[in-house]
Amino acid sequence: MTATWVERYARLLVSARLNRESIFAQALQPSPIERRGLFSLAQCLEQPALLVDQVKADCPQASDTRAVRARVSVLQQDLALNVIAPLTISLFRYGQAALPDPERIFLAPAEDGETTTSRWFQTPGAPAVDEAHFVRSVGRQTRAWYPVFRQQLEVSPGAYWSSIGLGLGAPFSMVWNLAEPYEICDLAQRWLGEFSNDANRFIDWIPAVFGGQTTAIPQRKGCCLKYLLPEGDYCGTCGVYRKPRLAALRHQQPNPGPGQWQPGR
């Protein structure tokens with residue numbers, strides 16, 4: 001009988017002698033009890049101008065098309081990292097998880113000058129589904145959302161799908177420098193291939209050397225454009241300087257500890 005992905009991941013943790021509950025507890029932090037939403041993802045998909053208008057209201061200085069597109073692109077990454085990623089981690093922890101539900105996903109108001117990250121959230125209450133249903137449905141959902149983000153909101157294919165790939169690969173990012181890197185890369189890449197979307201095309205999981213230790217990291221083939229923002233920088237998975245970054249990783253550097261590197265941050 002073919003092992004489920006939850007079982008394969010459990011074996012990865014066991015082989016690395018990692019405490020399963022500790023790993024998941026660090027990754028799944030409790031959400032704020034109450035958050036106010038400006039509008040839902042369902043409304044955004046029906047009226048994409050809502051997101052563009054909100055970006056302009058949050059950032060009056062983002063007056064040109066390029067600046068607006070960069071902020072929308074980073075917000076799409078936030079959707080992947082703050083909604084899809086936690087749901088995927090829950091699936092690997094419990095063997096079932098809620099699906100991303102556009103009616104329950106909301107954009108929160110900007111706080112403390114941060115206008116692009118930690119904005120999207122999903123309210124609790126959606127029913128949990130098993131692994132097969134999750135893979136099938138999330139693959140279908142992300143394909144359905146793509147035309148709006150691509151055509152109406154002008155998020156590039158590489159940005160959209162590599163961000164989705166980071167969200168779906170979150171369980172493997174949790175142990176990027178804690179488990180056997182070649183096994184992580186192999187499992188993560190094959191996991192992304194299960195979704196019948198283009199996420200697998202725009203993410204490469206590769207072994208990389210930090211200070212003599214080989215680790216596993218995802219490298220995007222698309223750029224979220226965060227580096228264009230005044231408060232932005234190059235992400236740890238940046239695809240803009242992909243080749244120089246990969247070359248630099250092979251030089252001796254201080255070894256990062258657990259939790260010091262986060263994809264997309």
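Here L91 clears all of (1) closer than 20 Å to A42 by Cβ; (2) in contact with a strand residue (DSSP E or B) (Cβ under 8 Å, 6 or more places away or on another chain) except the condition numbered (1). Only one of the numbered conditions (1) charged (D, E, K, R); (2) touching a helix residue (DSSP H, G or I) at 6+ places or on another chain (Cβ under 7 Å); (3) farther than 29 Å from A144 by Cα is violated by R8, and that is (3).
On the basis of being closer than 18 Å to P124 by Cα and open to solvent by less than 40 Å² (accessible area, probe 1.4 Å), does F24 make the cut? Break it down into steps so the answer makes sense when it comes.
On the way: closer than 18 Å to P124 by Cα: no; open to solvent by less than 40 Å² (accessible area, probe 1.4 Å): yes.
Answer is no for this residue.
Scanning segment 181-216 for residues that are under 23 Å from V6 (Cβ atoms), open to solvent by less than 30 Å² (accessible area, probe 1.4 Å) and of a type outside the set (S, T, N, Q) gives P181, I184, C185, L187, A188, W191, L192, F195, A199, I203, W205, A216.
For D130, the requirement of being open to solvent by 20 Å² or more (accessible area, probe 1.4 Å), more than 24 Å from Q47 (Cα to Cα) and at pLDDT 95 or above is met. Do we find a residue being open to solvent by 40 Å² or more (accessible area, probe 1.4 Å) and more than 17 Å from the chain's Cα centre (by Cα) anywhere in segment 167-180? For segment 167-180, residues open to solvent by 40 Å² or more (accessible area, probe 1.4 Å) and more than 17 Å from the chain's Cα centre (by Cα): present.
Sort out which residues of segment 73-93 are of a type in the set (V, I, T) and modelled with pLDDT of 95 or more, and write them in order of number.
The initial filter retains those residues of segment 73-93 that are of a type in the set (V, I, T), namely 74, 83-84, 88-89.
Selection gives V83, I84, T88, I89.
Taking the residues in segment 133-150 that are of a type outside the set (G, A, S) and in contact with a Pro (Cβ under 9 Å, 6 or more places away or on another chain) as candidates, determine which candidate is most open to solvent (accessible area, probe 1.4 Å). Give the steps one after another, and end with the answer.
Here is the first cut: in segment 133-150, the ones of a type outside the set (G, A, S) are 133-136, 138, 140-143, 145-150.
The next check asks that each one be in contact with a Pro (Cβ under 9 Å, 6 or more places away or on another chain); those that pass are 138, 141-142, 145-146, 148-150.
Working: V138: 2, Q141: 37, T142: 1, W145: 12, Y146: 53, V148: 23, F149: 2, R150: 90 Å².
Among residues in segment 133-150 that are of a type outside the set (G, A, S) and in contact with a Pro (Cβ under 9 Å, 6 or more places away or on another chain), the one most open to solvent (accessible area, probe 1.4 Å) is R150.
May I ask you to verify whether T117 is of a type in the set (S, T, Y) and either more than 19 Å from the chain's Cα centre (by Cα) or at pLDDT 95 or above (or both)?
On the way: of a type in the set (S, T, Y): yes; either more than 19 Å from the chain's Cα centre (by Cα) or at pLDDT 95 or above (or both): no.
In short, no.
Sub-9 Å Cβ pairs linking a first residue in segment 173-190 that is farther than 9 Å from T215 by Cα to a second residue that is of a type in the set (S, T, N, Q) and open to solvent by 40 Å² or more (accessible area, probe 1.4 Å), at least 6 apart or interchain, are S173/Q262; M174/Q26; E183/S15; Q189/N200; R190/N200, ordered by first then second residue. Considering only residues that are touching a residue at least 60 places away in the same chain (Cβ under 8 Å) and either of a type in the set (G, A, S) or not in a helix (DSSP H, G or I) (or both), which ones fall in segment 11-25? The answer is S15, A16, L18. Does Q77 satisfy the condition of being assigned to a helix (DSSP H, G or I) and farther than 30 Å from V14 by Cβ? Here the answer is yes, as Q77 does meet what is asked. Of the listed requirements (1) among the aliphatic types (A, V, I, L, M); (2) open to solvent by 60 Å² or more (accessible area, probe 1.4 Å); (3) in contact with a Phe, Trp or Tyr (Cβ under 6 Å, 6 or more places away or on another chain), L91 misses just one: (2). Among the conditions (1) modelled with pLDDT under 95; (2) in a loop (DSSP other than H, G, I, E, B), R69 misses just one, which is (2).
Considered as a group, the residues in segment 50-66 that are assigned to a helix (DSSP H, G or I) and polar (S, T, N, Q) include one that is most open to solvent (accessible area, probe 1.4 Å), and that residue is T65.
The values are calculated or read from the model by the stated rules, or taken from the named source; none is laboratory data. No experiment lies behind these values; they were computed from the predicted model shown. Cβ sites come from the backbone with ideal geometry, for glycine too, and all protein chains shown count toward neighbours. Note: areas computed on protein heavy atoms with side chains; ligands, DNA, RNA excluded. Shrake-Rupley method; radii C 1.70, N 1.55, O 1.52, S 1.80 Å.
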